[in-house]
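Remarks on the structure that follows.
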Amino acid sequence: MLSQVVLFRPYPFQVGQKIHIDGGPRGGDWEVIGVSERKVQLRCPVSQRQVEWDRFAYFVEKVQTQWPRQD
């Protein structure tokens, strides 16, 4: 029997990428400043705050947009 299944794949981050996380506690604009097999390091372009998190994000879509956002 076939079932509808949602597939998630880890995103292959690259240093220098500008990303926007839509929602959740990590939401907002970030620049990728470091990548390892298990971790990703990000920097906020406004506050310059740097964080290191387990690799977590999944690709949804690629868009042309203002970055950082001026919400």
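Go through the range 17-65 and name the trypsin sites (Lys or Arg not before Pro) that are in a DSSP coil and have 16 or fewer other Cβ atoms within 10 Å of their Cβ.
Those satisfying the criteria are Arg26, Arg38, Arg49, Arg55, Lys62.
Do any chymotrypsin sites (Phe, Trp or Tyr not before Pro) in the chain lie in a DSSP loop with no more than 12 other beta carbon atoms within 10 Å, and if so, which? Walk me through the numbers before you get to the answer.
Numbers: sites: Phe8, Phe13, Trp30, Trp53, Phe56, Tyr58, Phe59; in loops: Phe8, Phe13, Phe56, Phe59.
Passing both the DSSP loop test and the Cβ count: Phe8, Phe56, Phe59.
Whose amide H sits under 5 Å from the amide H of Gln17, counting only residues 5 or more places off or on another chain, with H placed in the peptide plane?
Excluding prolines and chain starts, which carry no amide H, the hits are Val32.
How high is the relative contact order of the chain, in percent, with contacts defined as C-alpha pairs under 8 Å that are six or more residues apart?
For the chain, the relative contact order is 25 percent.
For Cα Rg over 2.2 N^0.38 Å, the choices are [x] 1.43; [y] 2.24; [z] 1.24; which was calculated from the structure?
[z]
Hand me the GluC sites (Glu not before Pro) from the range 1-54 located in a DSSP loop with no more than 16 other Cβ atoms within 10 Å, in residue order please. Could the numbers behind the result be given before it?
Working: sites: Glu31, Glu37, Glu52; in loops: Glu37.
Passing sites in the range 1-54 are Glu37.
Could you list Val40, Val5 so that the one with the fewest beta carbons within 10 Å of its beta carbon is first and the one with the most is last?
Least crowded to most crowded, the residues run Val5, Val40.
Rounded to the nearest Å, what's the spacing between the alpha carbon centres of the range 43-71 and the range 1-42? Just the number, please.
9 Å
Pop out the ³J(HN,Hα) list for the range 40-56 in order, Karplus 6.51 cos²θ - 1.76 cosθ + 1.60 with θ = phi - 60°, rounded to Hz; leave Gly and Pro as x.
10, 9, 10, 10, 6, x, 9, 8, 6, 4, 10, 9, 10, 10, 4, 4, 9
Can you list the residues, at least 5 places off or on another chain, whose amide H is less than 5 Å from the amide H of Arg55, using H built in the peptide plane?
Those qualifying (amide H under 5 Å, at least 5 residues apart or on another chain) are Lys39, Val40.
Since every read-out is calculated from the coordinates, none of them should be taken as a lab result. Being a predicted model, the structure only gives us computed values, none of them experimental. Positions of Cβ are backbone-derived with ideal geometry, glycine not excepted, and every protein chain shown enters the neighbour counts.
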